[in-house]
Structure formats: C-alpha cells, structure tokens
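Engineer: Input: one structure, supplied below.
The values are calculated or read from the model by the stated rules, or taken from the named source; none is laboratory data. Treat the numbers as computed from the prediction; the structure is a model and nothing was measured. As a convention, Cβ positions derive from the backbone with ideal geometry for all residues, glycine included, and neighbour counts pool all protein chains shown.
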Amino acid sequence: MNRDKLGSNLLLLITSTIWGFGFVAQEMGSAHLGPNAFNGMRYSLGVVCLLVILLAWHRGKAMDGFRSRDWVKASLSAGLFLFLGSLLQQAGIGDEATGAGKAGFITGLYVVIVPALGLMVGHRTNLQTWAGVVLATVGLWLLSFKQADAQWAIGQGDLLVFFGAFCWAGHVLVIDRFTNRVSSLHLAIGQVTVCAGASWGVAAFSEPLKLAKFQAAFMPALYLGVMSIAIAFTLQIIGQRKAHPTHASIIFAMEAVVGAFAGWLILHEKLTERELTGCVLMFCGMVLSQLPVRLIRLGLTRRANHKPPA
C-alpha cells in the first residue's frame, strides 16, 4: 500500500472514529432535549460550519453549485431521508435499554440493507451480500431480542434505530443517484439545511423548547455539528479521493465498533456475552457484504491449493 492510500485510509479511520463517538454525544443530548429539537440544533450548527468550509474552499464560486435543479431535487430527497433517519436514531438512542453502543451496530445495518433495497431500482446483488445479510440478521437477533413473559420481543429503542437504518440505506441510494450531478459540498449543505428546517418545524409543535434545556445540550450538539457534520464530512471527501472503495467501506463499518467502545468508556455501558456475540456477527456481516467477490474467490483458491506440511 502506497503512502497516498495509507494516508487516505487514516483520514477515513479518523472520520469513522468521530462518527462513532457521535453516538455518545447523541445519547447525552437526548437527556435534555427531544429528538427533533436536538437534531434541529446540531444540524443548524453543522450548516454554519459547512458554509464556512464552502466559502474557504470555493471562494468566488461558492454560489454556483446552488443554481441547478438537480441540486434542489437532491437536497430535498436526501434531506428527507436524513431527517427521518436522524429522528428515528435519536429517539431510539434516548431509550435507556438501547444506548450508544447498540445503536451504533444497529445503525450499521444500512450497509447490508442498501443492496437489498437496490434490487427495487434495478441494482444487482450477489450470494456473498445475502450471506452478509444472514449474519447481520442473526447478530441483530442476539443483540436486540429479549425473552419476556415466554415471548421474544425487541426493545422499542432498538426497533426505532432499526427502522432508521432503512432510512439511512435510502439516503445512500439517493446520494448515489445524484453524486455525479451536483457538488458534494453543496449537496451536503442542502440536505443538512432541509433536515434542520424539518426538525425545527416538527419540534415547534411537538416538543417543549426551553432555553435552559438548549444550554444543557449545547456541548453535545456542538460536537456533532462541528466534528461529525463539518470536519468528518470534509475528511471523508479528502480521504475517499485516493482510498480503495472496499477499504473505505470496511473502515466505515468500524463506526459501530467505535460507538460501542465510546459508550463503554464514557457512559460506562456494558454489553452481555449474548449481545457481544451479536455485535461480532453483525460486524462480520457488514464486512462480508462489502468485500469484492474476486477477493473472496482468490482466498478460497489459495486455501484449496495450499498443501499442509508432511
């Protein structure tokens, strides 16, 4: 691996780490504000930071990317999925039985959901991806399903985050559709603005908006707005320019592992042996679904040709 790719992978790992710790910030924010108010706050901070980056990056041509119809379509559609995914995720993390660690792994299921949803829009998938889906599903059952009153059930928070994973998958497909039509940074600003506006709109009618609550949640929201949205997104753009797509996908799957570690380190969350086993299976399913088929075939061929010592 050359220095450029190694440096790119390092940037993506930093990005994944920032996002992983973001689950802890979300859980801390949920203790003070409702999901919509908190999302409105953090995404508004993110918009401001992204605008600063845009002005510094593009200088005199900063406004050019906002003038196309594709930008409007992409911002509205991606922003809607971002709003729904963020709302379900934030509401789920607020459940004490879910927490940052479990939410990270359940959210990561979007990696294996994307190919399944892709079938609806004509994308092809393979047996390897379905094997990843099976592993991830078994892992989810071990992580989230509990036996109560002789019945198996999934917690409300886990269920909300799970539905949120489908929204994140839809978000990925929307971005994939428009990625070559609009500037990445302009699209980021558009979708985050739509998400912030929708969050504030719903919060105004459904959640108490008290100044003291916003002050208490400011630091978690600041971390998410500055680090998770602005800085991490910028590092992702730079890192993915020279990183191998497969390496990038696997590194992003580490977000779930970092989220579980951050929950244990900062919030003292603990997972049972059953839940840890589920996390491992889910992570394996995420990675398996991202590996190129040719790489797996090469590994199987090498094993078949390997002769044990006499």
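Engineer: Considering every residue within region 148-160, establish whether at least one is at pLDDT 85 or above and over 27 Å from I18 (Cα atoms).
Structural biologist: First, the residues of region 148-160 that are at pLDDT 85 or above: 156-160.
Next, from what is left, pick out any that are over 27 Å from I18 (Cα atoms): none.
Looking through region 148-160, none of the residues is at pLDDT 85 or above and over 27 Å from I18 (Cα atoms).
Engineer: For Q215, work out the one condition from (1) touching a residue at least 24 places away in the same chain (Cβ under 8 Å); (2) in a helix (DSSP H, G or I) it doesn't fulfil.
Structural biologist: The failed condition is (1).
Engineer: OK, next. Within region 260-275, take every residue that is within 17 Å of F23 (Cβ to Cβ) and in a helix (DSSP H, G or I) and give me the one that is modelled with the lowest pLDDT.
Structural biologist: Checking each candidate, the answer is E275.
Engineer: Could I ask something else about it? Under the condition of being in a helix (DSSP H, G or I) and of a type in the set (F, W, Y), which residue from region 152-172 is nearest to the chain's Cα centre (by Cα)?
Structural biologist: W168
Engineer: Which condition from (1) crowded, with 17+ Cβ neighbours inside 10 Å; (2) of a type outside the set (G, A, S); (3) not in a helix (DSSP H, G or I) is the one that N180 breaks?
Structural biologist: Exception for N180: condition (1).
Engineer: Within region 63-85, is there a residue that is surrounded by fewer than 17 Cβ atoms within 10 Å (Cβ to Cβ) and within 30 Å of C279 (Cβ to Cβ)?
Structural biologist: No, the conditions are met nowhere in region 63-85.
Engineer: Which one of these does I229 not meet: (1) at pLDDT 95 or above; (2) under 26 Å from M63 (Cβ atoms)?
Structural biologist: I229 satisfies all of (1) at pLDDT 95 or above; (2) under 26 Å from M63 (Cβ atoms) except (1).
Engineer: For region 35-62, enumerate the residues that are aromatic (F, W, Y) and surrounded by fewer than 16 Cβ atoms within 10 Å (Cβ to Cβ).
Structural biologist: W57, the sole residue that qualifies.
Engineer: In addition: Go through region 152-182 and give me each residue that's closer than 17 Å to P35 by Cα and among the charged types (D, E, K, R).
Structural biologist: Listed by number, the list holds a single entry, D158.
Engineer: Also: Could you grab me the full set of residues in region 25-53 that are over 15 Å from G225 (Cβ atoms) and either assigned to a helix (DSSP H, G or I) or in contact with a Gly (Cβ under 6 Å, 6 or more places away or on another chain) (or both)?
Structural biologist: E27, S30, P35, N36
Engineer: When region 248-290 is examined, which residues are found to be touching a helix residue (DSSP H, G or I) at 6+ places or on another chain (Cβ under 9 Å) and hydroxyl-bearing (S, T, Y)?
Structural biologist: S249, T277, S289
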